[in-house]
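Step one of this worksheet: look at the structure below.
Read the figures in this text as sums done on the coordinates, not as results from a lab. All values derive from a computational prediction rather than experimental measurement. Counting neighbours? That spans all protein chains shown, and the Cβs are built from the backbone with ideal geometry, glycine included.
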Amino acid sequence: MSALIALGSLTALSLRPIPLVERGVEQLFAPARLVAEVAAPIRWLSWDDAVEAAGTVERGRREVVSEARELLEDERRSVRPPEHLIPAGLRMVHAEVVERVRGEEDRLVIRWAEGTQLEAGIPVVVGEHYVGRLSRVDPDEPGRGQVELVTGRDFRAGAQLYVPGSARGELIVGGLLRHRGDVDGGLFLAIHSPGAWKQREGMVRVFEWLGEGRAGAWADGFLLGELVSEIIEGGDELMRVRPLRDLASGLYRVVLLAPPEEGGVSEVDLDAPTYDPSCWLGASVLTRCTSARGRDGLRLALSSGVKVREGSAVAFGPHLLGRVETAGAVTARVRTLSDPGLVLPLLARVEGEEHPVAIGRVTTEGLGPDGALKVRWESMVGIGDGEGVAPARLFTGGGVLGVPRGLLVGDAILPRSVGVHEVLIQPGTDASNCQWADVWIGPGGGAGS
Amino acid sequence: MDRAWGRRWLLSLSHIGAWLVALVWFAWASAIDTQLMLGGETSYWVPSLGVALLVAWAVRMEVGTLWALACLAALAKVSFSVEPPVAILAGNLAVVMLVRFGRRSFDLSRPLARSLVAGVVAGGWLFWTWLVLYARHGEGAHPSWEVLMQAATSTGLLTLFLGGVFAKLPGARVLLARRSLR
């Protein structure tokens with residue numbers, strides 16, 4: 001009877017994990033590190049391949065790092081709002097998205113330069129696109145705060161429909177409006193109290209005509225999206241706004257429009273510490289954990305006393321290998337990119353596009369032919385004109401705690417159209433036999449991105 | 001008195017040694033399994049050495065020590081598996097419970113019976129790992145009957161032909177000395 005209870009409890013914990021118990025069991029199995037060492041001779045069989053792979057990565061490292069830095073700099077330029085939209089005297093404060101909390105899809109956790117004081121309520125933009133407001137400044141952690149996105153249920157922004165050569169229509173936009181005929185992942189902003197105008201298309205821009213106040217009006221002129229009008233069942237007309245940025249998972253870097261500071265600078269930048277060696281911890285690969293049904297992972301040996309957070313990136317040189325699933329006192333279990341179900345937001349350098357493209361989240365589906373990674377990609381806004389395909393080099397984007405931006409993932413041919421696509425990514429390196437890896441611990445060893 | 005105490009001490013020492021050797025065998029079996037699984041799609045035809053070893057020993061071992069065997073095999077497998085330890089432990093406990101239940105009515109140590117058990121366990125293990133992945137991450141393709149049969153057949157055949165050899169591995173003799181079948 002007690003055996004049945006034990007089995008039932010373990011089964012329940014396997015399917016619906018409780019983090020505290022999970023960590024406890026992981027600690028209980030800490031001696032597994034010694035067991036892995038016992039089977040080391042099996043690993044030595046692929047020693048030559050490991051040395052060769054490490055040599056290849058090292059030789060290409062400088063080139064990849066320089067490419068990634070250039071990409072991040074291009075991204076920085078692309079999120080900078082156009083000068084004509086910024087009210088005179090305002091500061092542009094660059095910030096990166098460090099986390100999207102599960103269950104709070106309409107919020108972003110962001111990080112900006114620590115010494116910069118900001119107040120809640122200021123607009124948050126990406127290029128000429130308006131994405132929301134700074135809703136909270138973390139009192140305990142300088143340079144951290146939360147953004148409430150325009151998709152939030154209670155979010156409202158005054159807006160104006162820009163119609164060339166005619167009067168402008170005023171409306172209120174905010175929150176999501178879904179229709180059951182929408183394709184999966186389709187994202188539209190709701191229009192509240194539309195005016196009597198007859199225009200059925202055009203660009204919708206922020207215009208705080210309700211007197212939102214000083215900070216709200218700073219975003220006047222920024223783009224909310226394009227007006228979409230369609231006839232639905234029953235002959236009714238449905239009007240809503242289609243954002244031209246992927247607000248669901250394609251926001252990695254944003255700009256806050258902040259009031260001027262006396263004698264202060266007009267732009268506050270933020271460096272990405274991706275390739276700062278002090279943010280990484282070297283670890284040896286104890287075992288490769290390939291199992292049935294295509295599951296794939298690694299077990300890393302950790303130095304005792306070093307805290308590694310769950311979800312942290314694991315890299316082989318400048319190449320992303322995977323993410324830490326659980327970290328015990330002396331070992332960490334890692335899910336590699338070929339493990340089904342790993343979710344990653346990616347930034348792409350797409351051939352023919354001037355700026356990097358935040359393509360949003362991809363979900364891994366295991367290994368494809370010739371060692372390629374099979375991923376499912378839900379393209380929310382498409383790329384460029386939305387037609388055909390384009391070769392692209394993929395790097396990590398932002399918004400995942402513990403995964404820095406700009407690590408190389410691989411090369412792929414991306415469809416430009418909106419929709420759900422199956423994509424094959426050719427990894428930049430053959431890491432199947434790697435015997436060393438780096439774990440992200442973040443600036444100051446905190447793994448906080 | 002001293003002689004009896006010394007014999008007991010030696011006996012328990014040899015048992016501890018045998019368990020440690022068993023741990024090494026399980027670790028090697030798991031390590032070899034991992035290397036063989038790197039073959040991608042064809043890996044479903046690759047038998048699971050770890051499962052074959054666990055079943056080959058579980059059908060012969062004293063029933064009271066089966067729980068220890070499950071924990072030991074789990075400890076070895078955890079190092080080579082991306083599945084969470086709690087799921088591996090649950091899987092191994094289920095295996096020894098199945099064996100324990102089966103031994104009440106059948107002599108599972110016979111070649112055909114043990115290969116049948118190994119086949120069921122190999123297929124069941126595939127299904128269990130998919131279930132855990134799906135429950136935790138909502139991803140992973142449901143294993144088809146074909147895949148389950150491939151895994152079951154190859155592991156069953158391995159146990160059929162090598163199950164007897166596994167029972168004679170160094171260190172196994174002490175653990176598999178039968179005092180009771182039930």
Of the DSSP H helices in chain B, the ones reaching 15 Å or more along their long axis in Cα terms and averaging at least -0.5 in Kyte-Doolittle hydropathy are B:2-37, B:66-78, B:85-103, B:111-137, B:145-166
For the peptides B:66-74, A:254-262, what is the packing order when you average, over each peptide's residues, the other Cβ atoms within 10 Å and list the highest mean first?
B:66-74, A:254-262
Mean projected area in nm² (Cα convex hull; one quarter of hull surface) for region A:239-367
13.7 nm²
Once you order the gyration tensor axes a ≥ b ≥ c over the Cα atoms, which shape class does region A:1-131 get: rounded for a/c under 1.5, otherwise prolate or oblate by comparing a/b with b/c?
oblate
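Indicate the gyration tensor shape class of region A:30-72 (rounded, prolate or oblate), computed on the Cα atoms with a ≥ b ≥ c the square roots of the eigenvalues: a/c under 1.5 is rounded; otherwise a/b larger than b/c is prolate and the rest oblate. Each step should come with its number before you reach the end.
Values: a/c = 7.32, a/b = 2.15, b/c = 3.40.
Oblate, because a/c is 1.5 or more while a/b does not exceed b/c.
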For a Förster distance of 45 Å, can you work out the FRET efficiency between the beta-carbons of A:ASP48 and B:TRP67, rounded to the nearest 0.05?
0.60
Out of the GluC sites (Glu not before Pro) in region A:289-359, which ones are loop residues according to DSSP with at most 16 other C-beta atoms within 10 Å?
A:GLU351, A:GLU353, A:GLU354
May I ask you to evaluate 6.51 cos²θ - 1.76 cosθ + 1.60, the Karplus curve with θ = phi - 60°, for each residue of region A:131-143 and list the ³J(HN,Hα) values in order in whole Hz, giving x for glycine and proline?
10, x, 10, 6, 9, 8, 10, 5, x, 8, 10, x, x
What FRET efficiency would be calculated for the residue pair A:MET1, A:GLN426, taking the C-beta separation as r and a Förster radius of 41 Å, to the nearest 0.05?
0.15
Once you sort the root eigenvalues of the Cα gyration tensor of chain B as a ≥ b ≥ c, which label holds: rounded (a/c under 1.5), prolate (a/b larger than b/c) or oblate (the other case)?
prolate
Using a simple spin-label model with points 7 Å from Cα along the Cα→Cβ vector, what separation in nm is obtained for B:ALA4 and B:LEU38?
5.6 nm
Diffusion constant of chain A at 25 °C, which comes from Stokes-Einstein with the Kirkwood Cα-pair radius and 0.890 mPa s, µm²/s:
103 µm²/s
Describe numerically, in nm with one decimal, the distance between label points set 7 Å from Cα along Cα→Cβ at A:ILE172 and at A:VAL21.
4.7 nm
Using per-residue counts of other Cβ atoms within 10 Å, averaged over each peptide, order B:144-150, A:73-79 from highest down.
A:73-79, B:144-150
Assuming R0 = 45 Å, can you tell me the calculated FRET efficiency for the pair A:HIS84 and A:THR56, based on Cβ-Cβ distance, to the nearest 0.05?
0.40
Pull up all non-local amide H partners of A:VAL362: gap of 5 or more, or a different chain, and H-to-H distance under 5 Å with H placed in the peptide plane.
A:LEU344, A:LEU346
If each DSSP helix of 4+ residues adds -39,500 (n - 2.57) and the sum is divided by the residues in chain A, what number results at 222 nm, nearest 500 deg cm²/dmol?
-5000 deg cm²/dmol
Could you check which residue among A:VAL228, A:VAL324, A:VAL403 shows the biggest mean-square fluctuation in a GNM of chain A with a 10 Å Cα cutoff?
A:VAL228
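Provide a whole-number value for the mean count of partner chain Cβ atoms within 10 Å of the Cβ atoms in peptide A:78-86. Don't jump to the answer; show the numbers that get you there.
Values: counts 0, 0, 0, 0, 0, 0, 0, 0, 0.
Mean partner-chain Cβ count within 10 Å for A:78-86: 0.
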Shielding of A:30-36 by partners, i.e. mean partner chain Cβ atoms within 10 Å per residue?
6
For residues of B:130-137, the mean tally of beta carbons on other chains within 10 Å:
5
When the C-alpha atoms of region A:361-407 are aligned to their principal axes, what extent does each axis show, in angstrom, from largest down?
34, 28, 17
Residues meeting the amide H criterion for A:TRP436 (H placed from the backbone, H to H distance under 5 Å, 5 or more places apart or on another chain) are A:VAL285
Kindly give the semi-axes, whole Å and largest first, of the ellipsoid equivalent to region A:90-265, taking each as the square root of 5 times a Cα gyration tensor eigenvalue.
30, 19, 12
